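The values are calculated or read from the model by the stated rules, or taken from the named source; none is laboratory data. Just so it is clear, the model here is predicted, and its values are computed rather than measured. Neighbour counts run over all protein chains shown; Cβ positions are idealised from the backbone, glycine included. Just the protein is used for accessible areas: all its heavy atoms, side chains included, with ligands, DNA and RNA removed. Shrake-Rupley method; radii C 1.70, N 1.55, O 1.52, S 1.80 Å.
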Amino acid sequence: MKPIEIEKVQQMLDNYLDKEVYIHLETTNGAYANHLDANAYTVGAYIRNTKVTYKQAKIIGDGSSYRVGLKMELGWIYAEGLTDWTIYQENQLLLAGHDREGRLMVALEISETPFQQ
Amino acid sequence: MEKHVVVIFPHPDDEAFGAAGSVAKFRAEGVPVTYLCGTLGQMGRNMGNPTFANRESLPEIRKKELKQACATLDMELKMLGYRDKTIEFEDKQEVADHLRGYLEEIKPSLVITHYPGYAVHPDHNSLGAAAIQAVEDMNPEERPKIWAQAFSNGHEEALGAPDIKHDIHDYFDKKLQTILSHDSQVAGMFGWYKQLDDLDEEVKKELIENQAIERFYLWEFDKNDEK
Ligand SMILES: [Zn+2]
């Protein structure tokens, strides 16, 4: 992946407007967080291949870390801490936030076809 | 001597850190070893350092690394096809039956797996539990021994000292090579293993000592049945 280029990502987000798309949304601090540091909490959540349609999308950030909000008919999809992006297999927009050691902390991915199970 | 050893862990790299030295030792003695690897570690956080994988490319990359690791150890590989982080939500008996199918075919004399409840990651605990269930469901005369690996904080207070302390200094190079096969995962504290030769002797010694004794508990069927 490469550092987020805001205009290109905005353009990609707009390409999916009003279409049925599949979402992967995830955040994690690793299954070992509490094992390695008793004061830390192990938290994480992900949804994969949830089909949605959004009518408005924005990416906002300060040049190093970004937020994305997708407005749907009945609600929102939101991700914070995104740093990198890529287009994977031509039609999948992958956005992710990595820590200093390259570990994934958050991911938002949008595709017109289902992600591999 | 063992007849055949089956290693049952959920993630590509569990075999490297947990049992690569023991596997290398068994192979050197001519004992066949089969790895039943539960998942492809699809949800791993490490993407290489610097990153070269992403969430979607990770499964294929880890599959290649796993094959490389098994080739290094000259260990047969069977991939079970579960998804990372979801094993505890599968039907336990179904997973146990799946595993028992392999065990009845391979007829191992020893199974190595994680100690349920003392192996930190939910996949470790749940696949370990299913593996033990699978062996318990077998005919008592045909049951292999089980070596269960525990490493949660405080496991020794709860379980006592491990029964088996496998000194694998002689196979450390093989183990290191197996660990390094998992290139996308060898980051953070394990990144040190990439630069072992550049390290201070003291640090190097400590890193080697951490990996050169592999510890297991011999599973006692009756004792644990009564609980
Ligand atoms: Zn693992």
- Message: Just to verify a result, which residue in the range A:101-117, among those that are within 9 Å of chain B (Cβ to nearest Cβ) and open to solvent by 10 Å² or more (accessible area, probe 1.4 Å), is modelled with the highest pLDDT?
- Response: A:M105
- Note on the structure: Going through the range B:1-52 in order, the residues found to be acidic (D, E) and either surrounded by fewer than 24 Cβ atoms within 10 Å (Cβ to Cβ) or more than 10 Å from the ligand (Cβ to nearest atom) (or both) are B:E2, B:E29
- Message: I need a count of the residues in the range B:179-210 that are modelled with pLDDT of 75 or more and open to solvent by less than 40 Å² (accessible area, probe 1.4 Å).
- Response: 9
- Note on the structure: Restricting attention to the range B:111-125, the residues that are within 12 Å of the ligand (Cβ to nearest atom), under 13 Å from the mean Cα position of the chain (by Cα) and farther than 16 Å from B:E156 by Cα number exactly 5
- Item | Any pair with Cβ under 6 angstrom, 6 or more apart, that starts in the range B:1-20 at a residue that is acidic (D, E) and ends at one that is within 12 Å of the ligand (Cβ to nearest atom) | B:D13/B:H182; B:D13/B:Q185; B:E15/B:F9
- Task: Specify the residue that is nearest to the other protein chains (Cβ to nearest Cβ); the eligible residues are those in the range A:70-100 that are under 10 Å from the mean Cα position of the chain (by Cα) and over 16 Å from A:K2 (Cα atoms).
- Result: A:A79
- Tell me, which strands (runs of 3 or more DSSP E) wholly within the range B:93-182 include 1 or more residues that are of a type in the set (K, R)? B:145-149, B:164-167
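Residues are listed down the side, and each one gets a yes or a no for (1) out of contact with any Leu (no Cβ under 9 Å at 6 or more places or on another chain); (2) aliphatic (A, V, I, L, M):
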{"residue": "B:P12", "(1), (2)": "no, no"}
{"residue": "B:A20", "(1), (2)": "no, yes"}
{"residue": "B:G44", "(1), (2)": "no, no"}
{"residue": "B:G48", "(1), (2)": "yes, no"}
